[in-house]
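Asks: Dropping a structure here in structure tokens format, bear with me for questions.
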Amino acid sequence: MYPFLRLAKVMWRARKSAAMHFTEKSDISFRCHPWDLDIFNEMNNGRVLTLYDLGRTELGIRCGLMKILAKKRWALVVAGSSVRYRKRVHMFHKVKMYTQCVGWDDKWLYVEQSMWVDGQPCSSVLIRAGVTSKGGLIAPAQVLEAMGEPTETPALPQWVAEWIDSEQHRPWPPLGK
């Protein structure tokens, strides 16, 4: 089940927090609950991705993106991700999550997120996100302009650029049958 109570808490706290730039690193904290666990008594990998949604929501509220999305009737979409899991998160662990937009290109925003327990990294994800309307994908430059931000594209970190390049070589549609 989607963590609606956690979402409400994140949204409430984000609205009470200071505004920030979308390229700054935001953070939220939460505990791993019994319903977050898989059969091995660690946080389920699907739940990890769901909780990363909450970090992006918090950043979106604090930087003003969510207001623009509501005003323009736009929506966010995840178009790709690359996840690393390195340390187990167990029940009642306190998790600190960091979220930051590390850059964009002509189509996509790239968001880096990580989860930490006791100062140790547990997982990280690179998200390719887009803004959509009924008419299709909205260019990041148009979104930034609506937010009153400069629209020039920064240089992406090398590892992000290499991930983007590697995704160009991945077959689509996927091989099957």
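The values are calculated or read from the model by the stated rules, or taken from the named source; none is laboratory data. Note that the structure is predicted; figures quoted are calculated from it, not measured. Heads up, the Cβs are rebuilt from the backbone with ideal geometry, glycines too, and the neighbour counts pull from every protein chain shown.
Asks: Are there any pairs, at least 6 apart or on different chains, whose C-beta atoms fall under 8 Å, with the first in region 71-90 and in contact (Cβ under 8 Å) with a residue 40 or more places away in the chain and more than 23 Å from residue 142 (Cβ to Cβ) and the second of a type in the set (D, E, K, R) and in a loop (DSSP other than H, G, I, E, B), and if so, which?
Replies: Between residues of region 71-90 that are in contact (Cβ under 8 Å) with a residue 40 or more places away in the chain and more than 23 Å from residue 142 (Cβ to Cβ) and residues that are of a type in the set (D, E, K, R) and in a loop (DSSP other than H, G, I, E, B), the close pairs are 88/42; 89/42; 90/42.
Asks: Identify, please: which residue in region 117-158 is at pLDDT below 95 and hydroxyl-bearing (Ser, Thr, Tyr) and is, among those, nearest to residue 98 (Cα to Cα)?
Replies: Step by step, filter region 117-158, then rank; the result is 153.
Asks: So, in region 10-30, how many residues would count as being under 17 Å from the mean Cα position of the chain (by Cα) and either loosely packed, with under 12 Cβ neighbours inside 10 Å or not aliphatic (A, V, I, L, M) (or both)? Step through it out loud before you land on a result.
Replies: Just the residues of region 10-30 that are under 17 Å from the mean Cα position of the chain (by Cα), to begin with: 10-11, 14, 20-30.
Cutting the leftovers down to either loosely packed, with under 12 Cβ neighbours inside 10 Å or not aliphatic (A, V, I, L, M) (or both) gives us 21-27, 29-30.
Adding up the residues that qualify gives 9.
Asks: Is there a residue being charged (D, E, K, R), out of contact with any strand residue (DSSP E or B) (no Cβ under 6 Å at 6 or more places or on another chain), crowded, with 16+ Cβ neighbours inside 10 Å and not in a strand (DSSP E or B) anywhere in region 31-44?
Replies: Initially, region 31-44 is screened for residues charged (D, E, K, R), giving 31, 36, 38, 42.
If we keep only those that are out of contact with any strand residue (DSSP E or B) (no Cβ under 6 Å at 6 or more places or on another chain) as well, we get 38, 42.
Remaining after also requiring crowded, with 16+ Cβ neighbours inside 10 Å: 42.
If we keep only those that are not in a strand (DSSP E or B) too, we end up with 42.
Within region 31-44 (the criterion being charged (D, E, K, R), out of contact with any strand residue (DSSP E or B) (no Cβ under 6 Å at 6 or more places or on another chain), crowded, with 16+ Cβ neighbours inside 10 Å and not in a strand (DSSP E or B)), the answer is yes, since at least one residue qualifies.
Asks: Could you run through region 92-140 and say how many residues are out of contact with any helix residue (DSSP H, G or I) (no Cβ under 8 Å at 6 or more places or on another chain), buried (at least 17 other Cβ atoms within 10 Å of the Cβ) and among the small types (Gly, Ala, Ser)?
Replies: Residues flagged as out of contact with any helix residue (DSSP H, G or I) (no Cβ under 8 Å at 6 or more places or on another chain), buried (at least 17 other Cβ atoms within 10 Å of the Cβ) and among the small types (Gly, Ala, Ser) within region 92-140 amount to 3.
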